[in-house]
Amino acid sequence: MKRNSLSVENKIVQLSGAVKQPKLGFYSSLNQTHTHTVRLDWGSLPHHVVLRIFQYLPLLDRARASSVCRRWNEVFHIPDLWRKFEFELNQSATSYFKSTHPDLIQQIIKKHSAHLQYVSFKVDSSVESAEAACGILSQLVNCSIQTLGLISTAKPSFMNVSESHFVSALTVVFINSKSLSSIKIENTPVDDPSLKILVANNSDTLRLLKMSSCPHVSSDGILCVADHCQGLRELALNYYILTDELLFALSSETHVNLEHLRIDVVSENPGQIKFPAIKKHSWDALIKHSPRVNVVMYFFLCEEEFEMFFKEETPVTHLYFGCSVSKVVLGRIALNCPRLTELVVCANGLQPLDNELICVAEHCTNLTALGLSECEVSCSAFVEFVRLCGRRLTQLSIMEEVLIPDEDYSLDEIHTEVSKYLGRVWFPDVMPLW
């Protein structure tokens, strides 16, 4: 839209001489009302309406729109427009998304950094993009950020940045933002000393901390957060730094109730990492203090690495298996996970999971969601599973190739039987939905 473009109002004036006006009073009144409505051109829209539109625009389009007229330029500089912003950084030759122009980045830092509250960085797989993000972070000295997210769209490029460079840039935000409430810094070289700086400056406001796959963080660093951030509601970390001491710290009387605990169980070097054994009384303490906490566990292990898991009662509520999991482990889950509400199995061997699935239905009475892929279940066993769970199953995502026809049910018949027990129409999936 150009400055010298004719407004809608001018166009109406030009055309009005060529249009014969009705003489009847009723039609004349209608025409006047219509004309009055159309004459509200874009330039006269209220500030709050233009602000709302600008919030949906990419930065480059937002900057171009600000040159249309004086009113839009005023909106462009309203602090509310700059409270939430995502920096997109990439090397154009290797990325599929648009990068934020360097000149615009400098304009934001110079004029709007004091207004930024919800900030995220989306970087591609290149080290150059991650280093550029660190460069921007180190300049945010006059900000009061509440939410910070570092997102790698491909492989974790932040891990290829110098640890000292990354930590130095991150601590600038930790020190200058006294009200950080949500931090997502997964797959980064953050370390224990930088977490202590975070706690020293934001312990009263921190509510969410996601830092899975941060190899330089130890259980001591997480324990420091748990000891001092009594308002923490959501925590994501790797299982290898989970300890009994940490669970007790999260269960202390000074803490508010934890709502979401995500634990990633990952082994990049099979057989090289010995996972810690968490005692039942540590889990019991957490559940007693936070009875409604969601304990979410993502497993990416080889079958032989499951030996120590689920041998005694575990208060997990959501289980996701990204790699193959054995029938034995699924049997232990059925017997020792009474709080389980969601189970997703992405792979299994060629042996049907009939008995294990029925056992889950019988013992996990809170189960409401099931996802199965790359495993086998007979149609009869699956129908029995659904019958036992009934209408509490709100999500049922089963790949069609998982179901094995037998003498009782064919693939054409099973959807009718399952739909009857669910109380709604159901069909198997042709592609995974989880």
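Restricting to region 83-93, name every residue that is modelled with pLDDT under 80 and either open to solvent by less than 30 Å² (accessible area, probe 1.4 Å) or more than 25 Å from the chain's Cα centre (by Cα) (or both).
SER92, ALA93
Scan region 295-321 residue by residue and report those that are more than 26 Å from the chain's Cα centre (by Cα), assigned to a loop (DSSP other than H, G, I, E, B) and either within 17 Å of LEU353 (Cα to Cα) or among the aliphatic types (A, V, I, L, M) (or both). Residue satisfying the conditions is MET308 alone. Quick one: in region 287-306, which of the residues that are open to solvent by 30 Å² or more (accessible area, probe 1.4 Å) and touching a Phe, Trp or Tyr at 6+ places or on another chain (Cβ under 9 Å) is modelled with the highest pLDDT? Only one residue tops the list, namely TYR298.
Looking at region 361-382, is at least one residue open to solvent by less than 10 Å² (accessible area, probe 1.4 Å), within 29 Å of ASP284 (Cβ to Cβ) and of a type in the set (Phe, Trp, Tyr)? No, the conditions are met nowhere in region 361-382. How many of the residues making up region 131-158 are touching a residue at least 40 places away in the same chain (Cβ under 8 Å) and more than 28 Å from ASP204 (Cβ to Cβ)? Qualifying residue count for the region: 3.
Annotation: of all residues in region 176-193 being among the small types (Gly, Ala, Ser) and at pLDDT 95 or above, the one that is surrounded by the most Cβ atoms within 10 Å (Cβ to Cβ) is SER181.
The condition of being of a type outside the set (Gly, Ala, Ser), at pLDDT 90 or above and open to solvent by 10 Å² or more (accessible area, probe 1.4 Å) holds for only one of LYS274, LYS280, that being LYS280.
Here's the yes/no breakdown for (1) of a type in the set (Ser, Thr, Tyr); (2) at pLDDT below 95:
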residue: GLY322; (1), (2): no, yes
residue: VAL325; (1), (2): no, yes
residue: ASN348; (1), (2): no, yes
residue: ASP354; (1), (2): no, yes
residue: CYS364; (1), (2): no, no
residue: THR368; (1), (2): yes, no
residue: GLY371; (1), (2): no, yes
residue: GLU376; (1), (2): no, yes
residue: GLU401; (1), (2): no, yes
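The residue list LEU235, LEU247 contains one member that is crowded, with 20+ Cβ neighbours inside 10 Å and part of a strand (DSSP E or B), which is LEU235. Criterion applied to VAL119, VAL75, VAL123, VAL173 was being open to solvent by less than 10 Å² (accessible area, probe 1.4 Å) and farther than 26 Å from CYS214 by Cα, and the one residue passing it is VAL75. In region 37-62, of all residues being at pLDDT 80 or above and among the hydrophobic types (A, V, I, L, M, F, W, C), the one that is nearest to the chain's Cα centre (by Cα) corresponds to LEU57. Counting only strands (runs of 3 or more DSSP E) that sit wholly inside region 322-433, those with at least 2 residues that are in contact with a helix residue (DSSP H, G or I) (Cβ under 9 Å, 6 or more places away or on another chain) and within 19 Å of VAL295 (Cβ to Cβ) are 342-345.
On the stretch given as region 212-232, residues that are over 20 Å from HIS255 (Cα atoms) and either buried (at least 18 other Cβ atoms within 10 Å of the Cβ) or touching a Ser or Thr at 6+ places or on another chain (Cβ under 6 Å) (or both) total 3. Being in contact with a Pro (Cβ under 8 Å, 6 or more places away or on another chain) and in contact (Cβ under 8 Å) with a residue 12 or more places away in the chain is a description that does not apply to HIS101.
For region 155-170, the count of residues that are within 15 Å of CYS229 (Cβ to Cβ), polar (S, T, N, Q) and either crowded, with 20+ Cβ neighbours inside 10 Å or within 19 Å of the chain's Cα centre (by Cα) (or both) is zero.
The values are calculated or read from the model by the stated rules, or taken from the named source; none is laboratory data. All of these numbers come straight from a predicted model, not from anything done at the bench. Cβ coordinates were reconstructed from backbone atoms using ideal geometry, including for glycine residues, and neighbour counts include every protein chain displayed. What goes into the accessible areas is simple: the full protein's heavy atoms, side chains included, and nothing from ligands, DNA or RNA. Shrake-Rupley method; radii C 1.70, N 1.55, O 1.52, S 1.80 Å.
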